Structures are given as C-alpha cells and as structure tokens.
Amino acid sequence: MFNQYFKKLKELLTTVEEVEGKSIKAAAHEIAKCIENDGIVHVFGCGHSHMIGEELFYRAGGLVPINPILIEDLMLHKGAVRSSQLEQQNDFADSFMGNISIAPNDVVMIVSTSGRNPVPIDVAKWAKKQKAFVIAITSLAYPKNVSSRHKDGHYLFQAADLVIDNHIPIGDAMMELPDLEVSFGSGSTVVGTAIANGIMAEAVNMMVEHQFTPPIFKSGNADGSAKHNRELINRYKNRIPMLDK
C-alpha cells in the first residue's frame, strides 16, 4: 500500500509541476522582488497548513526573511476541535492580524486546501489592505463542489493576487480500499511543502540572476555557520521577532 501511496504522490507532484509551473515561477518572481527590496515573506495556515510556515522558517538552506504567522489557537496542540471551529469563525482574524507587521513590499503566502473557511480568507484580505502581494496555495476542486463558509461567500482564491492549485481532491485523502468505507492517505502537506520549497528555490535562482546575494541560512550543525547566521538574524530580527527572542 505504501507503494501505491508513493505512486499517487508522484503523479500529483508531476501534475503540479506541469500545470502550475508558470504560477510557481510567478510566485518566485514576487518573492525575489520582495527580498531584494528588504521585504518579508509571511506564511499563514490553520491546522495542518501551519506546517508550511514552520517548514520554511529558520531552515538550513532556506531563505532568512520568512515570518510564519503562528496563531496557537488555530493550531492543533491547543485543542484540535476548537482550532477547526475558530478557523470557521468570521472576523476571528481581526483578533490577531493587527499585531502582524505587514508592509507594502511584503509577500503573504496563505495555505488552505479547502479555501472555504473565513480565517485564511480574512488574512488574505487584511494583507491586501496593507498593499502586500498575496499568494494562495489551495485546491480549486473545492469551490466547484462545496459552499464557502465566509460571510460574503468568498473563497481564498478570490482574495489572492496569485493562486497555485495543489490539485488535492476533496477530503484530502487519496487512498481507498474495497473493504473500507473511508478514504485515507493525505497528500496536502507533502505537496504543499514541495510547492513552497520549489517557489523558494526558484526565487533564489532569480536573485542570483539579478546579481543579488540571497540571504540563506547555513546549517547550525556545520562548522563556521554561527557568524554567518548571526549576521543574517541581526539584519531581520526587528521585523521577525521569533528569530531571536
């Protein structure tokens, strides 16, 4: 069964690579431009989607100016059921977005596979009010088949400047068995992290092409990395407090 799961993932990643390549390059262009102009890339998601922000943050070989918007009430460890209920609550984003410093030259990446819940949509709208560029990673299968929970009937793809479809089927789970009534084997996290890392790799290449040195962390477990990383942390810690609390 794990072979079949891997096969499904490979097929899904190939689809994303072929169909979303243009959008991934466009996202990389916006991120390269943002970083070259001293901007910050903010990453937001609820539930499991918040892991995309953690994946990119303070990552060996990763870009430094990444600010994950980690709201504990929307994460699973403070109560899984409660976090889902809050994600579906209209205007809940107002309770935390006022504390997030978003500048006009920033990029905000928002991850929500269903794209139907109010909080990710409202975060996108809040970011756009601050003149930031909003990238959504979502599944466009959902708006065709399920209703929005937003008070205005909107979906995440409608609130973003650029949309990358992760091509995840409704329900996320990709595997089935004849004797099992429910599907299983989720794919959104694997595909989401691949998309996000692919965007960043492309952005690094673009910055180098522009003769701009991309700010990239070295592994803390590699000799000689401490000075390099400290200089980068000092450059960005005022806008990303989690780097050096």
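In segment 52-62, which residues are open to solvent by 50 Å² or more (accessible area, probe 1.4 Å) and either touching a Leu at 6+ places or on another chain (Cβ under 8 Å) or among the β-branched types (Val, Ile, Thr) (or both)? Quick ask: steps written out before the conclusion?
Taking segment 52-62 first, the residues open to solvent by 50 Å² or more (accessible area, probe 1.4 Å) are 54, 58-61.
Hits for segment 52-62 are GLU54, TYR58.
Kindly indicate whether GLU209 is within 18 Å of ALA27 (Cβ to Cβ) and loosely packed, with under 15 Cβ neighbours inside 10 Å.
Values: within 18 Å of ALA27 (Cβ to Cβ): yes; loosely packed, with under 15 Cβ neighbours inside 10 Å: yes.
Judged against the criteria, GLU209 is a match.
Are any residues in segment 152-179 in a loop (DSSP other than H, G, I, E, B) and either without any contact (Cβ under 8 Å) to a residue 24 or more places away in the chain or among the hydrophobic types (A, V, I, L, M, F, W, C) (or both), and if so, which ones? Explain how you work it out, then say what you get.
Of segment 152-179, the ones in a loop (DSSP other than H, G, I, E, B) are 152-155, 160-161, 166-172, 176-179.
Correct list: ASP152, GLY153, ALA160, ILE168, ILE170, GLY171, GLU176, LEU177, PRO178, ASP179.
So in segment 3-46, with the set limited to residues that are touching a strand residue (DSSP E or B) at 6+ places or on another chain (Cβ under 8 Å) and either in a loop (DSSP other than H, G, I, E, B) or basic (Lys, Arg) (or both), which one is most open to solvent (accessible area, probe 1.4 Å)?
LYS8
For GLY115, work out the one condition from (1) open to solvent by 10 Å² or more (accessible area, probe 1.4 Å); (2) in a loop (DSSP other than H, G, I, E, B) it doesn't fulfil.
Condition not satisfied by GLY115: (1).
Against the condition touching a Gly at 6+ places or on another chain (Cβ under 6 Å), at pLDDT 95 or above and among the aliphatic types (A, V, I, L, M), how does ILE31 come out, does it pass?
No.
From the list LYS151, LYS144, exactly one residue is under 19 Å from VAL19 (Cα atoms), surrounded by fewer than 17 Cβ atoms within 10 Å (Cβ to Cβ) and either within 18 Å of the chain's Cα centre (by Cα) or not hydrophobic (A, V, I, L, M, F, W, C) (or both). Which is it? Step through it out loud before you land on a result.
Numbers: LYS151 fails: under 19 Å from VAL19 (Cα atoms).
One residue alone meets the criteria, LYS144.
Confirm whether SER49 is open to solvent by 20 Å² or more (accessible area, probe 1.4 Å), small (Gly, Ala, Ser) and under 14 Å from the mean Cα position of the chain (by Cα). Explain how you work it out, then say what you get.
Details: open to solvent by 20 Å² or more (accessible area, probe 1.4 Å): yes; small (Gly, Ala, Ser): yes; under 14 Å from the mean Cα position of the chain (by Cα): yes.
Answer is yes for this residue.
Restricting to segment 73-101, name every residue that is in a loop (DSSP other than H, G, I, E, B) and buried (at least 22 other Cβ atoms within 10 Å of the Cβ). Write out each step before concluding.
To start, the set of residues in segment 73-101 that are in a loop (DSSP other than H, G, I, E, B) comprises 75, 79, 88-93, 98-101.
The one that is in a loop (DSSP other than H, G, I, E, B) and buried (at least 22 other Cβ atoms within 10 Å of the Cβ): ALA93.
Consider segment 63-72. How many of its residues are open to solvent by less than 10 Å² (accessible area, probe 1.4 Å) and part of a helix (DSSP H, G or I)?
The number of residues fulfilling the criteria is 0.
What's the number of the condition ALA60 fails, among (1) in a loop (DSSP other than H, G, I, E, B); (2) closer than 24 Å to VAL191 by Cα; (3) within 17 Å of the chain's Cα centre (by Cα)?
All conditions are met except number (3).
The values are calculated or read from the model by the stated rules, or taken from the named source; none is laboratory data. A quick note: this is a predicted structure, and the numbers were derived from the prediction, not measured. Neighbour counts are summed over all protein chains in view; Cβ atoms, including those assigned to glycine, are modelled from backbone coordinates with ideal geometry. The protein model used for the area step is the full one, side chains on, heavy atoms only, and it has no ligands, DNA or RNA in it. Shrake-Rupley method; radii C 1.70, N 1.55, O 1.52, S 1.80 Å.
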